[in-house]
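The values are calculated or read from the model by the stated rules, or taken from the named source; none is laboratory data. These numbers were taken from a predicted model, which means no experiment stands behind them. Accessible surface areas use protein heavy atoms only, side chains included; no ligands, DNA or RNA. Shrake-Rupley method; radii C 1.70, N 1.55, O 1.52, S 1.80 Å.
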Amino acid sequence: MSRSIRVLYVDDDPQSLDVITNRCEAVSELRFETESRPRQVADQLHDGLDCLITDYRMPTMDGMELLSTVSEQRQQ
């Protein structure tokens, strides 16, 4: 029995969140959690998260800034 892979997908476009997560979950064992506000991601990082996917261009914080912030938080 395989376990599902937990993915946090961050994108400021709710339509993209829906389309991507629905398609990926339909054809794989990925289980998506979504967030449209990049600055709220820290609240969703927890044990058991396997992967973080982020949009690059977002109005409040771009994807590179988000990944840098997440990396810094995980090192603390």
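Calculated on the alpha-carbon coordinates, the convex hull of the chain measures out at 84 cubic angstrom per residue. Run the accessible area of the chain with a 1.4 Å probe and give the carbon-and-sulfur part as a rounded percent. The computed percentage sits at 48.
Rolling a 1.4 angstrom probe over the protein heavy atoms with all chains in place gives the chain an accessible area of 70 Å² per residue.
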